[in-house]
1. At a 1.4 Å probe radius, which order do 27, 19 fall into by accessible area, largest first?
2. Would you pull out the residues with amide H under 5 Å of residue 30's amide H, same chain only if 5 or more places away, H placed 1.01 Å from N?
Amino acid sequence: MTSSDVLPAVDDAVRTDGTACHALTITVRDGGHALTRISALLNNLSVRALSFRAAEGGGLAVCEIVVPEADSPRAQAKLRRCVEVVELSAHPAGETRVI
């Protein structure tokens, strides 16, 4: 994948089936395979929602991922080790935040 379509941002009110969830927002260097690498890193975790927005012509992309609170530390550790990840932030899903 060399370029991606703009997808809607993850809605913080995502259905969580009563499970507390964290929304992880990461900024990545998009060399054409960032989404593939992210999905491979998180394949053993319960991902509730994922959104990926890439800039035209490559550069930095933003990925928003919603995972159960229990999986959040493991997901963050895996993502922080990924070379493409420039920045990572986490907050409880449903929490209002300023972007």
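The values are calculated or read from the model by the stated rules, or taken from the named source; none is laboratory data. Just so we're clear, the structure is a prediction, and the values are computed from it rather than from any experiment. Quick note on the areas: whole protein, heavy atoms, side chains included, nothing else; ligands and nucleic acids left out. Shrake-Rupley method; radii C 1.70, N 1.55, O 1.52, S 1.80 Å.
1. Correct descending sequence by accessible area is 19, 27.
2. Here the answer is 59, 60, 61, since their amide H atoms fall under 5 Å of that of residue 30.
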